[in-house]
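Participant: This structure is in C-alpha cells; I'll ask about it shortly.
A short reminder: the numbers here are calculations on the coordinates, not readings from a lab. Just so you know, these numbers come straight off a predicted model, no measurement behind them. Here the Cβ positions follow ideal geometry from the backbone for every residue, glycine too, while neighbour counts run over all protein chains shown.
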Amino acid sequence: MSGALVIRDARPGDEAAIHALLWEFAEFEKLTHTFRLTTQVISRDFMGDGRRVQCDIAEWDGATAGIMIWHRTYSTFPARSGLFLEDIYVRPDFRRRGIATALLRQLVSYARAEEAHRIGWVVLDWNAPAMDFYERIGARAVAGWRIYSLDVESFDRAADA
C-alpha cells in the first residue's frame, strides 16, 4: 500500500476533479438535494487571488484521492484568527492510507503559520466513523454550544424582525 502522496493547492484545470469529489461527498452525506456547485463557481471561488475558500487536493500516485476545503475565521474575545474546515473527503478506494490525517496535518501547519488559535468544523450526527477519527487525533465536541444557521429562505424574515 505504499504510494506517493502529494497535497497541493487547487489550480486552474482542477475544476472538474473538484466538482466530482464534492459531488461524491454530497452523495456520502446524503445531501445531493442541496448541491448547487458548478465548475464555474469553483473557478470563481476556489482559484486565484479573489478566491473565497482555500482548496487542497490530495493525490495518491498521481490519482485524485481527496479534498479539503477551508477558510479563515476571526474570534473577537481571544482577538485571534482561526480556520474553519468546511469539507474533508477521501475517496473510498484511497481510505486507510493516512490521507485524511495528512490533510489535517496540512491544515494544522496553516494554522500554526497564521498563529490561529483554533480550527473548527462540524460533523453530521450520524457519522460515527468521522467522530471517532476526530477524537483519535485529539479533537473534541464543543460542549455547551449549538450550531445555528440562517439560510437564504429566512433572510427576509430576519431582516424584518
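Participant: Could you please rank Ile137, Ile7, placing first whichever residue has the fewest other Cβ atoms within 10 Å of its Cβ?
Facilitator: Ordered by Cβ neighbours within 10 Å, fewest first: Ile137, Ile7.
Participant: So, counting K/R as plus one and D/E as minus one, what does the shell of residues with Cβ under 12 Å around Gln106 add up to?
Facilitator: So the surrounding residues net to +1.
Participant: Restricting to Cα pairs below 8 Å that are 6+ residues apart, what does the relative contact order work out to for region 5-160? Please round to a whole percent.
Facilitator: Taking the mean separation of contacting Cα pairs over the length of region 5-160, I get 17 percent.
Participant: Fewest first, what order do Asp125, Asp61, Asp87 take by the number of other Cβ atoms within 10 Å?
Facilitator: Lowest count first: Asp125, Asp61, Asp87.
Participant: Quick one: Karplus J couplings for region 71-81, per residue in order, coefficients 6.51, -1.76, 1.60, θ = phi - 60°, nearest Hz, x for Gly and Pro?
Facilitator: With coefficients 6.51, -1.76 and 1.60, one gets 8, 8, 10, 9, 10, 6, 5, x, 6, 9, 7 Hz.
Participant: Mind listing the phi-derived Karplus ³J(HN,Hα) values for region 120-126, rounded to whole Hz, using 6.51, -1.76 and 1.60 with θ = phi - 60°, and x for any glycine or proline?
Facilitator: Each residue of region 120-126 in turn: x, 6, 10, 9, 5, 5, 8 Hz.
Participant: Loop only per DSSP, at most 11 neighbouring Cβ atoms within 10 Å: give me the trypsin sites (Lys or Arg not before Pro) in region 3-47, ordered by residue number.
Facilitator: Here the sparse-neighbourhood loop sites are Lys30, Arg36.
Participant: Quick one: among Asp56, Asp151, Asp132, which has the greatest mean-square fluctuation in a GNM of the chain with alpha-carbon springs under 10 angstrom?
Facilitator: Of Asp56, Asp151, Asp132, the most mobile in the Gaussian network model is Asp151.
Participant: Please name which of Tyr148, Phe35, Ala111 has its Cα lying farthest along the dipole of the chain towards the positive end, using unit charges on Cβ (Lys, Arg +1; Asp, Glu -1) and the Cα centre as origin.
Facilitator: Farthest towards the positive pole: Ala111.
Participant: Now, a different point. With each run of n ≥ 4 DSSP H residues scored as -39500 (n - 2.57), what mean residue ellipticity at 222 nm is computed for the chain after dividing by its residue count and rounding to the nearest 500 deg cm²/dmol?
Facilitator: -9500 deg cm²/dmol
Participant: So what is log10(I(q)/I(0)) for region 5-160 at q = 0.08, 0.13, 0.14 1/Å, when the Debye sum runs over its Cα atoms only?
Facilitator: Normalising to I(0) and taking log10 leaves -0.25, -0.69, -0.80.
Participant: For region 89-161, run through the GluC sites (Glu not before Pro) and keep only the ones in DSSP coil with at most 16 other Cβ atoms within 10 Å of their Cβ.
Facilitator: Those that pass, being in a loop and sparsely packed, are Glu114, Glu115.
Participant: Something else: Take every DSSP beta bridge with both residues inside the chain and express the antiparallel ones as a percent of the total, to the nearest 5.
Facilitator: About 90 percent, rounded to the nearest 5.
Participant: Also, quick follow-up: For the chain, what is the charge dipole size about the Cα centre, in debye to the nearest 20, if Lys and Arg each add +1 at the Cβ and Asp and Glu each add -1 at the Cβ?
Facilitator: I would put it at about 520 debye.
Participant: Kindly provide the trypsin sites (Lys or Arg not before Pro) of region 56-150 that DSSP labels as loop, not H, G, I, E or B, and whose Cβ sees at most 12 other Cβ atoms within 10 Å.
Facilitator: Listed in order of number, the matching sites are Arg96, Arg140, Arg146.
Participant: I would also like to ask the following. What list do you get for Phe94, Phe77 if you sort them by fewest beta carbons within 10 Å?
Facilitator: Phe77, Phe94
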